[in-house]
Amino acid sequence: MPNPYGYFPGCSLKGTGVAYEESLLALFQLLDLPLAELDDWNCCGATSYMCIDECSAFSLAARNLALAHKAGHRELLAPCSACYLVLRKTQDYAERYPGIAAHNGHLAICRAIRVRHPLEVLYTDLGPERIRKKLVRHWRGGRVACYYGCQMVRPYAEADRDCDPVRMDELLGAVGVPTVDYSLKTKCCGGSLTGTTHSVGLQLTEILLNEAARKGAQAIATVCPLCQYNLDAYQSEMRRASGKRPDMPILYFTQILGWALGGDLASLGFRRAISGRKTIEQWFTKDRVEKEAYVR
Amino acid sequence: MPDDFEPRIVAFFCNWCTYLAADLAGTSRIKYLPNAEVVRVMCSGRVDVQFVLKAFAKGADGVLIGGCHPGDCHYQEGNYKALRRYRLLRRLLRQMGIEDERLRLEWISAAEGDRVRVVIDEMVATLKRLGPLRKAEEERAHLTEVA
Amino acid sequence: MKPKVAFYWCASCGGCEEAVLDLAEGVLNVVAAVDIVFWPVALDFKEKDISAMDDGSIAISFINGAVRTSHQLEMARLLRRKSKLVVAFGACAQLGGIPGLANLTTAAGILAEVYGDAGTPELQFRDDGHALTLPKLFDSVFALDRAIPVDYYVPGCPPSPKIVSDMFQALLDEPLPEPGAVLAPDHAMCDECPRRDTRPQELKLDRFYRVQERMLDMDRCILAQGLPCLGPATRAGCGSRCIAGNMPCTGCFGPTSHMRDYGGKALCSIASVIEGNETAQIDRVFEGIVDPVGTFYRYSLPSSFLERKRLE
Amino acid sequence: MSDRNGAVRIGVYTCHCGANIAATVDVKALAEFAALLPNVVLSRDYKYMCSSPGQDLIRQDIRDHQLNRIVVASCSPHLHEHTFRTALKVGGLNPFYFHMVNIREQASWVHENKAQATRKAKDLVCAAVRRVAFHQPLERGRVAIHPDVLVVGGGIAGIHAALTLANAGKHVFLVEREATIGGHMAKFDKTFPTLDCAACILTPKMSAVRSHPNITLWTYSEVTKVDGYVGNYKVTVLRHPRYVDEDLCSGCLECLEACVCKQAKVPDDFNLGLSKRKPIYIPFPQAVPQVPVVDPETCIQFKSGKCKTTCIAACGDRHAINLRAEAKVEQIEVGTAILATGFQTFDARRTPYYGFGKYPNVYTALEVERLVNASGPTAGEVVLRDGRLPRTVGIVHCVGSRDENTHRWCSRVCCMYSLKLAHLIKERTGAEVFNFYIDMRTPGKGFEEFYQKLLNERVHFIRGRVAEVTDWVFDASEEGKLVIRVEDTLAGFVRRIPVDMVVLATGLEPRADAPEVRRLFNISCASEGFFLERHPKLAPVNTFTDGIFLAGCCQAPKDIPDTVAQAGAAAAEALALIDAGYVETEPNTAHVMEEQCCGCKTCISMCPYHAVSFIEDIHKSRVNEVLCKGCGTCVAACPSGAIRQNLFEDDEIFAEIEGVLSNA
């Protein structure tokens, strides 16, 4: 049994993004990659904190990193791109501006931890080839647009290339999922604007959905709970806003991989989807799975 | 130590890299602290250990040796000689109660004007923390018992 | 009438006294030539006898040993007053010598080192009416010329018989040498080293040894064998006795007149002939030199630029 | 010291340098301070010491006050040491009885607090006064200059420099890495702003090089080693085998026809892969020399050894083709060298948001230079990779220039070549052309007029840095196009402009191998990586290594006229040295005091130039003062202090150290 990755869920994965956590845990179990959730973790410090009081935000992040250090982890998994960015940024700033480190004791030690995004873990620690070998279910669904969002790749292009990331495409490709060339893969999903300046946020998500459809995608795969939520939750409003009637499933890459590797449907959180439920039905329903099992 | 302590640094700069970097800092109007005074030599390899000891003995709080980056020496390998002497000398200085930070060897190329600022300002800060090399009164006392 | 001469020892081991006797029968010529008025180690004269003499009535005082107590200082000053010429005799008087290494610590440090918690005698004590005052032990050791003006220097720990007899030659008949002269050749001893031709032109030492660590080849350059031999930096005239004994030169004859800080110059030179351009490798090479000060300033710390260890 | 040099009478001169020094250093106080220093008989301050009245002042005082030492506190010795030494000489004093104090670059310009700057200046002057007392009269040595010249790089800079020298009767070795000379210019169709044909002005010069009796042309070759010093460089050149003998080949090119590979399959580097070539090829029709090259990577004979070698047959009894040819090593001696190694264009893949390498219709400017070139892959037709004619073209300026993330500098030529390309594209295709620029930079003869001309030709100019080139569309009008997203900073909003073709105006950067070349010739690079000139204004083609000169873009981005001018200047500098016949060397060499040398041989291994040798019969070391470059490493290493260095004597340096610390 390899020693586990430290796992920092962050608020989203316990709330709006619970499907992400479910599928992530299921997938990592299928791949025998143990995760150990951080004990007594707190808010990562993203968004609101970061723009109101940076130092408090750093302190919050630093505490989580310090906890990970205390728990003896060398690596900390942050599935939410916002958490991932704040943790990484905190380390970077502690490095560059000793003043910050002075401000908060935790920062001194937090550099020892390697903050990682699950996508990058799957890609570098396993890689498409080894994942292909574990393939159980053959893809019967349609084409998928891989959408990475902005925070995972910028400014720290460590999880993937900063302007045209490809690792999700390659991983999904490895399990037979056809992906489309999607130019907006790192464009803004609307972020927290959907909460503050709703119309603008909506506009941004709509662009993403339309372009995906134009490129022939019937679903979008994401790596971040905020992106997923923005794209998933407001499609009905768009229906009202414009003539178009998008009803596109917005999936987590972990759900697709989990399904392909034979994960138990119930454990992959499909039922939590808001949009594109029909498509999801078609692509992932139980009977279809049994049929395949029978075919094999 | 008094707050108004202004460290004195004697800086041996090689003619082709570090001295030019200092000139570049000038033409670029980069501002740095006035505590370092430059003695120009053709190559860091010319810096005799005696020079460094003399400087410390005559009241320098720090000594800075500036040469070309490894592999870039205008005289091919003078800077390596400087490096070797420096490594052994700092051990001797340690025995004599002189902290490592007081003797600094830096590779600064002709293009690195701002590096001159960074190094000198850093060194001044460090020396202010360390305080004067010679705690004049009692030390004088020691050395003048026979006078 | 014969010139009056005085011998005196300050902080020294007595070897320099021996050195005079090392002249063997030659010492008789000396004795014949001079009238010895003071020589604590050999003859029973008292300090008061010197005090009684007229100033300048002694032709030459030969003082060996470094100055490290108030009494040695007094005696040095007394002899200076009474003598026309003062000769700093031997490494300790000339450079501070082995006792000079005490400048790595202080008087208190030394007493603690030597007596531990046995306690040290107080400076004053009396016994059936007699009072005795111990001289003050200075915190630093000084070469003789830091205490009094010196006319001539005779190097060596101890000076070799040849050097000593040459000295008497030089001082007992006219013309006298240049004031301030060191009475020995002014070039480095490599020149006289029996092994000089075995020194390679390309020397790149990849480690240093201590004497006990290596069986030395009898007829190869000792520096080339990885021992920090200071012959190249040290004044000639010793007759290469250490080399003959297959030991490296440790520099007792001190610097030539072309350098200012003996240890610094010697270090600078030896550090130049090693292997390695990266810090880590260089440091490995120097690991073999465990005590740089003891290696390069064994006889000359008090007369070096830094003179003594900095006070914490 | 006076016993050594007679009574020392020092004159100290403090320069105001206008306000450059006087503003931050109290020059009056400094002069008064200096007057009281030991051996100083006279101390003055003056507005500009380097001016001729300033120098006259020194000359006059030397006579009137019997000065025998001079200290000038002004700028860097690298700037005016020579000036003042000459003044001493004219004044009848040995020029080396002089020391210069740098209170401008290293005091007034770098400090703000006047009191502190003045204190520092005083210390430095005090040091100089103590030092100069020890100075000795010295004579400069002379080194004969070998008349031959090495020119590295066969672009327009190297070509022009080589021809200038050759026409002046000097022999030139021109070494070019590629199989042909011509460099980047050979790839261009027209040149701005005159739009005259690049080939028409370049190719005659190229063939002139080939035929010139005074030029030895070595293409496909590299300099691998440089030894020696100004006037006497020994250079090793590696000549890669091109497998076709330059002397035997008549340039008929029948071998190309004969090659068993009937159609060309190998991407053609000269056309940046826009066309294909055969394993045996000639870079371009006007290549010089007109001699094919065999590419061992792709030639069947090299790969399998089973080729019919029809090329050899075709060559017949000329026997020019020898597939077993091996690399040759040439050793030459030259007195001077001109580096004209040029530049490389910025790799557009480093800016992925502009889609180069992702969208086929995104081109680099250099590719388009080939497209518009009559002898290029499309014979001058500007067509897209799928053969379509572009209706709208967007030219993105400053790709890899003026950018924190790539290169900070302006590449100087992009604005103008973008205008040129805009004109040519419009002329050839009638397409609508957009320029996206940060600032239009047209500072050159006829440049601004050319810009006006383009405006009148109705080429569009949008001021704003392009955010991205993408294929995502808003509406049908953008279908199948590349969309350029940019903030139009004049209109004040973000625009989306759909185009068929995108041209990236990539900037100029130092060649990847610049660091190796720099070390080879022992010169410096500026921070951005271009070779460093000796002085930005006063010695723009010199380097800090005597006898090595710079020409063209290896020193900094520049256009063809500037490059040619600089090449001419470099040639002239070389000629000046050669025709003088000798160069005066600095006397700061080392010498052994033989009676003090103990023959320990420590110094021998110190010298990388083998200037120190051991004379067995007297058992002493000796310095060859011609070979000695004056670093002083052996001086520091000499254990018995028997080696000394002129101008950097121990006495002088110790005096300087005590001086700077005198009021510590």
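Annotations
- D:L575 being under 10 Å from the mean Cα position of the chain (by Cα) and not polar (S, T, N, Q): no
- Filtering segment C:247-257 to residues that are without any contact (Cβ under 8 Å) to a residue 60 or more places away in the chain and either facing chain D (nearest Cβ under 10 Å) or not in a loop (DSSP other than H, G, I, E, B) (or both) leaves only C:P255.
- Every pair of residues 6+ apart whose Cβ atoms lie under 8 Å, when the first sits in segment D:196-212 and is in the same structural domain as D:I156 (by TED's automatic domain parsing) while the second is at pLDDT 95 or above and aromatic (F, W, Y): D:A198/D:F188
- Condition met for C:C242 (within 14 Å of chain D (Cβ to nearest Cβ) and either farther than 30 Å from C:F89 by Cβ or free of Cβ contacts under 8 Å to residues at least 24 places away in the same chain (or both)): no
- In segment D:434-462, of all residues being surrounded by fewer than 17 Cβ atoms within 10 Å (Cβ to Cβ) and among the charged types (D, E, K, R), the one that is farthest from A:K185 (Cα to Cα) corresponds to D:K445.
- Residues of segment D:232-253 classified as at negative phi and surrounded by 16 or more Cβ atoms within 10 Å (Cβ to Cβ), total: 13
- Contact annotation: residue pairs with Cβ atoms under 7 Å, 6 or more positions apart or on different chains, pairing a residue in segment C:137-163 that is more than 14 Å from chain B (Cβ to nearest Cβ) with a partner that is surrounded by fewer than 23 Cβ atoms within 10 Å (Cβ to Cβ) and in a strand (DSSP E or B), are C:D151/C:L85; C:Y152/C:L85; C:Y153/C:V182; C:P155/C:V182.
- Consider segment C:212-237 and keep the residues that are among the small types (G, A, S) and crowded, with 22+ Cβ neighbours inside 10 Å. The one that is farthest from the other protein chains (Cβ to nearest Cβ) is C:G237.
- Only one entry of D:H80, D:H99 meets the criterion of being closer than 25 Å to D:V660 by Cα, assigned to a helix (DSSP H, G or I) and within 14 Å of chain B (Cβ to nearest Cβ), and that entry is D:H80.
- Any hit, segment D:550-571, residues being within 14 Å of another protein chain (Cβ to nearest Cβ) and either in contact with a Cys (Cβ under 8 Å, 6 or more places away or on another chain) or surrounded by fewer than 19 Cβ atoms within 10 Å (Cβ to Cβ) (or both): no
- Just one of (1) in a loop (DSSP other than H, G, I, E, B); (2) surrounded by fewer than 22 Cβ atoms within 10 Å (Cβ to Cβ); (3) in contact (Cβ under 8 Å) with a residue 12 or more places away in the chain fails for D:Y353. It is (1).
- Criterion: more than 7 Å from chain D (Cβ to nearest Cβ) and free of Cβ contacts under 8 Å to residues at least 40 places away in the same chain - qualifying residue of B:L53, B:L24: B:L53
- Lone qualifier among D:L248, D:L165, D:L150 - being over 25 Å from the mean Cα position of the chain (by Cα) and not β-branched (V, I, T): D:L248
- Looking across segment B:27-50, the residues that are more than 8 Å from every other protein chain (Cβ to nearest Cβ) and surrounded by 24 or more Cβ atoms within 10 Å (Cβ to Cβ) come down to B:A36, B:S44.
- Considering D:A31, D:A19, D:A7, D:A35, the condition of being in contact with a strand residue (DSSP E or B) (Cβ under 6 Å, 6 or more places away or on another chain), more than 18 Å from D:R85 (Cα to Cα) and surrounded by fewer than 18 Cβ atoms within 10 Å (Cβ to Cβ) is satisfied by D:A35 alone.
- For D:R465, the test of being at pLDDT 95 or above and within 13 Å of chain A (Cβ to nearest Cβ) is failed.
- Scan of segment A:134-177 for residues that are surrounded by fewer than 20 Cβ atoms within 10 Å (Cβ to Cβ), assigned to a helix (DSSP H, G or I) and in contact with a helix residue (DSSP H, G or I) (Cβ under 6 Å, 6 or more places away or on another chain), ordered by number: A:E170
- Restricting D:A636, D:A655 to residues that are within 13 Å of chain B (Cβ to nearest Cβ), over 38 Å from the mean Cα position of the chain (by Cα), within 21 Å of D:H135 (Cα to Cα) and of a type in the set (A, V, I, L, M, F, W, C) narrows the list to D:A655.
- The sole residue among C:D44, C:D55 that is modelled with pLDDT of 95 or more, more than 15 Å from the chain's Cα centre (by Cα) and surrounded by fewer than 21 Cβ atoms within 10 Å (Cβ to Cβ) is C:D55.
- Unique match (being touching a Phe, Trp or Tyr at 6+ places or on another chain (Cβ under 6 Å) and of a type in the set (D, E, K, R)) among A:E21, A:E37: A:E37
- Of all residues in segment C:290-312, those satisfying the criterion of being more than 7 Å from chain B (Cβ to nearest Cβ) and either among the acidic types (D, E) or more than 15 Å from the chain's Cα centre (by Cα) (or both) are C:V290, C:D291.
- Residue match in segment D:48-55 (condition: over 27 Å from B:C14 (Cβ atoms), buried (at least 19 other Cβ atoms within 10 Å of the Cβ) and under 38 Å from the mean Cα position of the chain (by Cα)): yes
- Odd one out for C:M189 among (1) closer than 17 Å to C:G245 by Cβ; (2) free of Cβ contacts under 8 Å to residues at least 60 places away in the same chain: (2)
- The number of residues in segment B:70-106 that are touching a helix residue (DSSP H, G or I) at 6+ places or on another chain (Cβ under 8 Å), away from chain C (no Cβ under 12 Å), over 21 Å from C:E307 (Cβ atoms) and not in a helix (DSSP H, G or I) comes to 4.
- Any hit, segment D:256-268, residues being under 20 Å from D:F302 (Cα atoms) and touching a residue at least 60 places away in the same chain (Cβ under 8 Å): yes
- The number of residues in segment C:58-70 being within 14 Å of chain B (Cβ to nearest Cβ), at pLDDT 95 or above and more than 18 Å from C:L172 (Cα to Cα) comes to 3.
- Restricting attention to segment C:261-305, the residues that are free of Cβ contacts under 8 Å to residues at least 24 places away in the same chain, among the aliphatic types (A, V, I, L, M) and buried (at least 24 other Cβ atoms within 10 Å of the Cβ) total 1.
- Test: A:L208 is within 10 Å of another protein chain (Cβ to nearest Cβ) and either surrounded by 22 or more Cβ atoms within 10 Å (Cβ to Cβ) or in contact with a strand residue (DSSP E or B) (Cβ under 7 Å, 6 or more places away or on another chain) (or both): yes
- Odd one out for C:E113 among (1) assigned to a loop (DSSP other than H, G, I, E, B); (2) within 19 Å of C:A11 (Cα to Cα): (1)
The values are calculated or read from the model by the stated rules, or taken from the named source; none is laboratory data. As the structure is a prediction and not an experimental result, all values here were calculated from the model. Reconstructed Cβ throughout: ideal geometry from the backbone, glycine too, with neighbour counts over all protein chains shown.
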